[in-house]
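To keep things clear, I will list the structure first and then write my remarks on it.
Every read-out reported here was derived from the displayed coordinates using simple, explicitly stated rules and does not represent laboratory data. On a predicted model such as this, the values are computed, not experimentally measured, just so you know. No Cβ is skipped: glycine too gets one built from the backbone with ideal geometry, and neighbour counts run over all protein chains shown.
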Amino acid sequence: MKLYGKDSLKRRLDDIAKCGRLPHAVMFSGTPGCGRKIMARYTAQLFLCGNVGDNGPCGECAACRNVEHDNHPDVIFVKRECGGKYAMEPLRAALRGTVIKPISGSVRVYIFEDCGDMETLHLNTLLKVIEEPPEHLRFIFTCENTSVIPETVMSRVTAFEVGATSEEDCKRYLCDNGAEPSRAEELSAAFSGNIEKCLKALEQDDDDKKTDELALLKTAQAAAAAIGRRDGFSAAAALSSQRGYSDLAEVMGYLANIVRDALALKVGEPAEFFGKEEARAIAAAFSQEEIVNMLNVLFEVEKNEIFNISTSLTAAYFTSKIM
Ligand SMILES: [Zn+2]
């Protein structure tokens with residue numbers, strides 16, 4: 001498991017684990033997004049890996065790989081409900097499971113996330129097992145701030161503070177996970193190295209792109225519908241409404257698919273792309289020769305850089321050539 005910017009904490013844990021002195025209950029605290037969850041999983045690897053060495057868990061054995069991919073049968077995540085609260089029943093169910101002996105490892109590891117949000121009743125229930133834990137159990141807790149955790153619990157766990165990730169480490173993480181370097185740099189600076197917030201922003205980027213893509217597809221469909229009605233003015237208006245040439249080029253690409261479908265329909269083959277209705281209208285309104293001409297004009301526009309100058313010029317040229 002690759003950790004980013006957690007070198008000193010990792011070294012401390014590795015050293016303790018190497019001597020076989022990893023405590024049976026640990027608590028990771030720190031601000032949301034600082035990496036508490038990954039430290040919890042890393043510690044689960046330390047508990048379960050059969051080849052812990054100077055550099056911590058080997059990362060290659062079945063136990064390490066299963067923990068990393070969240071499918072180790074002896075690692076139990078106890079999470080909050082959707083509303084952000086812990087419910088009593090799942091917690092009780094988890095605790096009832098503590099009598100089960102490890103399935104594939106030597107110990108069973110319970111990870112309780114965000115236990116600062118647990119009510120006293122929940123914490124007291126937990127206390128019973130961590131006070132005198134059976135030999136085969138290990139507990140990992142995470143919280144934002146240890147000051148809200150009762151002393152009775154804190155006195156039974158070994159606490160580690162997870163520091164913030166530096167902007168540089170955050171950027172490295174984002175780039176390693178497929179982000180554009182410039183966007184990674186921008187986000188790590190904006191969110192001061194908070195990986196979780198950066199990932200949320202990247203997800204938003206992807207969503208925005210999807211919406212854009214759909215908008216472009218719809219524009220192509222609108223232009224195709226206008227062409228099917230032999231309404232050159234509306235077709236040009238739809239095409240020239242694009243923000244820039246790259247958007248227009250993409251709309252033209254989608255439009256070419258619809259026109260190609262119209263040609264397919266003309267020769268008795270089925271339509272394949274988005275905008276089949278529009279393809280049928282074009283096939284009905286134009287001759288085969290006219291449709292081939294449309295395709296040629298579309299390819300011409302796509303190849304000719306002169307159209308980079310203006311989207312309205314391109315739209316006007318295209319519609320005048322095909323109508
Ligand atoms: Zn291992």
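Return the only residue of Arg280, Arg230, Arg243, Arg260 being at positive phi and among the basic types (Lys, Arg). Working first, answer last.
Details: Arg280 fails: at positive phi; Arg243 fails: at positive phi; Arg260 fails: at positive phi.
None of the others qualify; the one that does is Arg230.
Can you pull out the residues in segment 196-240 that are of a type outside the set (A, V, I, L, M, F, W, C) and touching a residue at least 40 places away in the same chain (Cβ under 8 Å)?
Our first condition is that a residue be of a type outside the set (A, V, I, L, M, F, W, C); within segment 196-240, this holds for 196-197, 200, 203-213, 218-219, 221, 228-232, 234, 240.
Across segment 196-240, the qualifying residues are Glu196, Lys197, Gln221, Gly228, Arg229, Arg230, Gly232, Ser240.
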Hits in segment 85-132 (condition: touching a Ser or Thr at 6+ places or on another chain (Cβ under 8 Å), under 19 Å from Phe47 (Cβ atoms) and either in a helix (DSSP H, G or I) or not β-branched (Val, Ile, Thr) (or both))
Leu95, Arg108, Tyr110, Phe112, Glu113, Cys115, Val129
Per the filter on segment 46-71, residues within 9 Å of the ligand (Cβ to nearest atom), farther than 17 Å from Arg21 by Cβ and either of a type in the set (Gly, Ala, Ser) or not in a loop (DSSP other than H, G, I, E, B) (or both) are Gly50, Gly59, Ala62, Ala63, Cys64, Arg65, Val67
Hey, can you tell me all the residues within segment 165-195 that are in contact (Cβ under 8 Å) with a residue 24 or more places away in the chain, of a type in the set (Gly, Ala, Ser) and in a helix (DSSP H, G or I)?
none
Taking the criterion of being part of a strand (DSSP E or B), more than 16 Å from the ligand (Cβ to nearest atom) and touching a strand residue (DSSP E or B) at 6+ places or on another chain (Cβ under 7 Å), would at least one residue in segment 29-43 satisfy it?
yes
Exactly one of Asp114, Asp74 is more than 16 Å from the ligand (Cβ to nearest atom), closer than 20 Å to His24 by Cα, touching a residue at least 24 places away in the same chain (Cβ under 8 Å) and surrounded by 17 or more Cβ atoms within 10 Å (Cβ to Cβ), and that one is Asp114
